[in-house]
Structure formats: C-alpha cells, structure tokens
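Enquirer: Please read through the structure below; I'll follow up with questions.
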Amino acid sequence: MSAISDQLVTFAILAYLVAMICHAVEYALGNARVRAATPAPARELVGAGVGGTTVSGTTVSGTTVSGTGGSGTGGGGTDAGVLPDAPVPPSVVESPGPGKRPPGRARLAGLIAVAATVVAALLHLGGLITRGIDADRMPWGNMYEFVLTVSFIGVAGWLAVLWKRPSLRRLGLFLTLVMVLLVATAELVLYVPVVPLVPALNSYWFVIHVSTVVFASGLFLLGVVPAVTFLMRDGYERGRRSFPYTLAKRMPSAESLERLTFVLHAFAFPVFTFAVIAGAIWAEASWGRPWGWDPKETWSFISWVIYAGYLHARATPSVRRNVATWIAVLGFLTMLMNLFGVNIFFEGLHSYGGLD
C-alpha cells in the first residue's frame, strides 16, 4: 500500500502540473482581442448640381449627407461639396471581466484545468488513504504526511470555492503552482517510509488536535493565494505597471480577491484557536503542564496573534485593506516557520518531522 501511495502522489503532482499549464494557457488567451480588418480611409462624396439640382439627403455607407450644393445658373453650373463619411470604428471584442464568458479556446483550457485539478485531488486523496491504511493510523505522523494532508485540504477548499464562484477560476493558476511546489517538495525532500507513531502521539487527542491544525493550516494555505494575488492586483488597479503587479492584470478584481481572503481567514481562525486550546489540554495530560514555551508552542502562539491582528485590522475602517492583507501574509510565513523551521532547526517535544 505504501508503494501505491507513492505512485498516486507522483501522478497527482503530474496532474497538478497539467492543470497549472492549462490555467496558464487560459490566462494567456483570456484577454485576446479580436479585431476586424482595418476600415478603408474615409471617402469623399462629390455632388454635382446641374440646372438647379441640389444634392440633399443622400445616404452613403450608412451616413446621411445633407446637401451643400446650390442652384446652378445657366445650363452648366456645377456645385461640388466634399462630404467625408463618418469614421467607422474597428470591431473590438474586449476580454471578459469576472463572471463573463471568456473566448472559446480560453474557456476550454480553463475547463480542462479544472478537470485536471479534480483528478489530481482524487489521486492526492488516494495517496493519503493508502498511506494511512499501510500505517494503520491517520497519515499525520511526520512532516511528509502533514504537508500532503494540508495541501489536500487546500485544494479541496479551492474546488469548493470554485463550485460557488466560477468567476474566480483564473486564480487556479497560482493555486496549482502552490500545489506543485508543496507536493513535489514533500515527495522529493520530506519523504520518509511508513513508521509507527512515537509514543507521545498514541492518544485520542492526536486525532482531535492534529486534525484541527491540519484543517486550519489548509485553509490558511488556500487563503494566502488570494491574499498575495490581491496585493498584486490592487497595485495594478492603482496604476502600477511594473513587475510583479502586471502578473495580476488578468486576475479577478481586487475587491473580490480581498473578500475571499477575509472569508477564508475568518473561517480558519476559530478552528486554529480550538487547535491551540486542544494542544494545551493534550500537553497537560501528556507532560503535566498545558504550556511550556516549546518552540512549536511559541510559534503557534505567534501565528495566532498575527492572524488575530489581521482580523482586527480588517474590521477597523481606518486600516487600509492592503495593509491588513500584508498581516495575513505575514501570518502564513509564521505558519511555514512553525512547520519547516521548527521541525528542521529546533529540538523540542514537538519535533516529529521524521527527517534525519
């Protein structure tokens, strides 16, 4: 089962890569302009009045021309008027905004990207299930398994968001990029064979505490994608045309990205709060104290304070939305520090990374 799990995860990485490429194709084609041929130069109408005839009310190429001639005298009087046609603008089909149907090829690429993401998520889930069956426990016992589970929660949450808000599909380019990087890093760098749990983790609190940490971390992972995209899109909408703001010029509006960022963090924060409390209760039962400023406990507290600061800043009218969003991004950086930095560079009671 462990070998099957490894193969499923490998195929999941490839499927995420296909989804990312298809999203990139949609991103490139989505704003294509369809222009008609350049119209011919404006033509001139020369009206000649003979014997008192007046050119008036003539319609040429859809433009009504009012006569400028006069009455001729004698038999050969001639009046000429230069009458340019009204300019005919070229036919331009602008790129669709959020919620509008994109051009055919771009839309097809986007739908293929979503289908590939669904396939990748199913393979991802299969890898986790077979890993858990082989280990005869929940697959959260080391960094490799933890990263796989957190990334799966992130992509599952993204598919749920996409189901409710199809107009956000172009955000999938950055989401699948994150998935490729995280799952590939887990497979190539963090991988360890299946081993039994360390004795300290053999408790029913393992499921309660770690499951809530995993769930909250997956939502924070998903939330940082629209947060970073919002910062780029907001700068682009304010007139900044330098890198990296131009990367977001075809993303959904800054307002919709910021709102999604807030909703995800507002949902994840109470879950994370419960996870920290559950961890303190478990620590009291296992080690005789609820809090000992272990490195992972300390960084969990730092993350909690920063995310609480984000929600407070987001609810304060005087704080600009981009400032509040930077706080959310900082919070996710502390989560990465807690996951990678603490397990790799620090020694403590929570050092269960599984790496040599």
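The values are calculated or read from the model by the stated rules, or taken from the named source; none is laboratory data. Every value quoted in this text rests on a predicted model; they were computed, and no experiment measured them. Positions of Cβ are generated from backbone atoms using ideal geometry, with glycine treated the same way; all protein chains shown enter the neighbour counts.
Enquirer: Only one of (1) surrounded by fewer than 19 Cβ atoms within 10 Å (Cβ to Cβ); (2) at pLDDT 55 or above fails for G51. Which number is that?
Expert: Among (1) surrounded by fewer than 19 Cβ atoms within 10 Å (Cβ to Cβ); (2) at pLDDT 55 or above, G51 violates only (2).
Enquirer: Let me ask another. Which pairs do you get when a residue that is within 22 Å of V25 (Cα to Cα) and in contact (Cβ under 8 Å) with a residue 60 or more places away in the chain, found in the stretch 176-189, comes within reach of a residue that is part of a helix (DSSP H, G or I) and of a type in the set (D, E), reach meaning Cβ atoms under 6 angstrom, with the pair 6+ apart or on two chains?
Expert: Listed pairs, sorted by first residue: none to list.
Enquirer: For the stretch 129-156, enumerate the residues that are within 19 Å of V180 (Cβ to Cβ) and in contact with a Ser or Thr (Cβ under 6 Å, 6 or more places away or on another chain). Steps first, please.
Expert: Applying the first criterion (within 19 Å of V180 (Cβ to Cβ)) to the stretch 129-156 yields 143-156.
Residue satisfying the conditions is V150 alone.
Enquirer: Those residues that are of a type in the set (A, V, I, L, M) and buried (at least 20 other Cβ atoms within 10 Å of the Cβ), I need them from the stretch 135-152; list them, please.
Expert: Passing the criteria: A135, M143, V147, L148, V150.
Enquirer: Please return the ranges of helices (runs of 4 or more DSSP H) entirely within the stretch 238-356 where 1 or more residues are among the basic types (K, R) and loosely packed, with under 14 Cβ neighbours inside 10 Å.
Expert: Where helices (runs of 4 or more DSSP H) fall fully within the stretch 238-356, none carries at least 1 residues being among the basic types (K, R) and loosely packed, with under 14 Cβ neighbours inside 10 Å.
Enquirer: Output the number of residues of the stretch 3-48 satisfying the condition of being within 22 Å of G132 (Cα to Cα) and modelled with pLDDT under 85.
Expert: So the answer is 0.
Enquirer: May I ask you to list the residues in the stretch 129-166 that are modelled with pLDDT under 90 and in a helix (DSSP H, G or I)?
Expert: A135, M143 - these are the residues of the stretch 129-166 that are modelled with pLDDT under 90 and in a helix (DSSP H, G or I).
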